[in-house]
Amino acid sequence: MIQMLSKTPPMGWNSWNTFGGQISDSLLRETADAMVDNGFRDAGYKYVVIDDCWSKLSRDENGRLQADEAKFPKGMRALSDYIHSKDLLFGMYSCAGTRTCAGFPGSFEHEFIDAETFASWGVDFLKYDFCFKPNKADGPLLYKRMGMALRATGREILFSACNWGGDNAETWMRSAGAHMWRSTGDIQDNWNSIKDITMMQLNKECYSATGCFNDMDMLVVGMYGKGNVGFGGCNDEEYKTHFSLWCLFNSPLMIGSDIRNLSKKATEILTNKEVIAINQDEEGRGAYLASNWDNTRYAWVRPLSNGEYAIGYFNFSDTRTDVILPWWDIGLPLHSGYGVALRDVWEHEDIGVFKEGFNKILDPHACAVYRAKIVKI
Ligand code: GAL
């Protein structure tokens, strides 16, 4: 039976951020092992996705894509079977243009045959990029085509569209059949990139919901400046802020670091169940910006399915300072007779009931995230 894919934001791992073109059968198998052994599968991550650079430079005599035998000597079906044997799902990558961004064959005018190939390999997820699109070809139509080709296979394949938010993707990508759509250019492993991607999300909260989520790009948590997009690196505080934002904003959570050798702190960040529960909330509502002081101190608020709210406090400035949020700004009049009970989801701790508001002093680039319950006082 075909089920609804992407009921909540997809979670998994993708090879690109750390490994770029340095991918192989053994890397993918070891990563699948690490997904299980290091607790990622149990935390909800299930897709193991190979990004660009997996194929040969040409199609076979029947026009089919073929795996690079030097990197994947056992073939894609065997790798797919291995990943499935771990109770994980298998993802691959292609491109709407004539070539992928790294120059391998793209799916332009081969959409249906490629979708068949992916289905025959047991693929459960397809990331679909946007390089080398012929100028006169209509971008939205190309995503509709691949959306249709994937559906025609009869296999459940999650469609991860990656046109970097072009052509106002938020307004049509859901109708093209995508289950997630990239809203930005490529993330880099540094604080400015995290900040910039976050600020590009303002006013897009209504375009991310059950069935099709706004993809803020793969996570850089735990890269510490190493790997393909490791330009500068972040500290643990910044990774925690990055993860909190992606969770609050309903983004898919695709890990981009080397999970075979991840620091304890980064593993804790990526597997914090209370923070993930906000991301995976079944109503899939977006967060709105409730407080902005000096364009550096922000609070975002998001209603959750059990009647509670998620509230995130963020200090984007370079000095230690407070983030201020009067409850008046989130809908609670001063003399309502109600207050807000807060639970710190990073610390797993109830911190009390607050009547008029709550302010949080934060280190540079740090955050605090709460579950909030509106209670009679
Ligand atoms: C970019 C895409 C990246 C990665 C890369 C591969 O266009 O945004 O996430 O897939 O191509 O070449």
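A 1.4 Å probe run over the protein chains yields, for the stretch 262-377, 48 Å² of accessible area per residue, whole-number rounding.
Each of D350 and M200 was given a label point 7 Å from its Cα along the Cα-to-Cβ line. The distance between the two points is 4.2 nm.
When a/c reaches 1.5 or more, the comparison of a/b and b/c decides; with that in mind, is the stretch 298-337 rounded, prolate or oblate per its Cα gyration tensor?
Verdict is oblate for the stretch 298-337.
At a probe radius of 1.4 angstrom, the accessible area of the stretch 169-210 per residue rounds to 40 square angstrom.
So for R182, R260, R285, what's the accessible-area order with a 1.4 Å probe, most first?
Largest to smallest exposure gives the sequence R285, R260, R182.
In the structure shown, do any of K7/K226; K7/K133; K86/K264; K127/K226 have a Cα-Cα gap over 28 Å, and if so which?
Details: K7/K226 33 Å; K7/K133 30 Å; K86/K264 23 Å; K127/K226 23 Å.
Cα-Cα > 28 Å for K7/K226; K7/K133; rest within.
Across the stretch 48-167, Cα-Cα distances exceeding 16 Å account for 58% of all pairs. Isolated cysteines of the chain, defined as having no other cysteine beta carbon under 4.7 Å away, are C53, C95, C162, C206, C212, C234, C247, C367. With contacts taken as Cα pairs under 8 Å and at least 6 residues apart, the chain reaches a relative contact order of 14 percent. Packing, taken as the mean count of other beta carbons within 10 Å per residue, orders the peptides 118-128, 134-144 from highest to lowest as 118-128, 134-144.
When R371, R64 are compared by accessible area at a 1.4 angstrom probe, the order from most to least is R64, R371. What is the stretch 105-164's relative contact order, in percent, from Cα pairs under 8 angstrom and six or more apart in sequence? So the answer I get is 51 percent.
Specify whether the C-alpha gyration tensor of the chain places it in the rounded, prolate or oblate class, a ≥ b ≥ c being the square roots of the eigenvalues: rounded for a/c under 1.5, otherwise prolate if a/b is larger than b/c and oblate if not.
In terms of gyration-tensor shape, prolate.
Across the stretch 248-364, the relative contact order, built from alpha-carbon pairs under 8 Å that are at least six residues apart, equals 21 percent.
For the chain, which whole-number percentage of the solvent-accessible area (1.4 Å probe, protein heavy atoms only) is attributable to carbon and sulfur atoms? After summing per-atom areas, the C and S share lands at 49 percent. Under a model in which nothing but the beta-carbon of Lys, Arg (+1) and Asp, Glu (-1) is charged, the chain shows a dipole of about 480 debye around its Cα centre. Since only N295, T184, G97 are under comparison, the one whose Cα sits farthest along the positive direction of the charge dipole of the chain, derived from C-beta charges on Lys, Arg, Asp and Glu, is G97.
Compared with the alpha-carbon gap, the fully stretched path from I324 to A152 is longer by 56.8 nm at 0.36 nm per residue. Using the 1.4 Å probe convention, the accessible area of the stretch 1-125 works out to 39 Å² per residue with neighbouring protein chains retained.
Under 26 Å of direct C-alpha separation, and excluding same-chain neighbours fewer than eight residues apart, K355 reaches these lysines: K373, K376.
Magnitude of the Cβ-charge dipole of the stretch 112-230, K/R +1 and D/E -1, about the Cα centre, nearest 20 debye? Working shown, then result.
Numbers: 12 positive and 14 negative charges, 38 e Å.
Charge dipole of the stretch 112-230: 180 debye, to the nearest 20.
Taking a ≥ b ≥ c as the square roots of the eigenvalues of the alpha carbon gyration tensor, the stretch 180-247 is prolate, as a/c is not under 1.5 and a/b beats b/c.
The values are calculated or read from the model by the stated rules, or taken from the named source; none is laboratory data. Remember, predicted model here, so these are calculated numbers, not experimental data. Cβ coordinates were reconstructed from backbone atoms using ideal geometry, including for glycine residues, and neighbour counts include every protein chain displayed. SASA here: full protein model, heavy atoms, side chains in, ligands and nucleic acids out. Shrake-Rupley method; radii C 1.70, N 1.55, O 1.52, S 1.80 Å.
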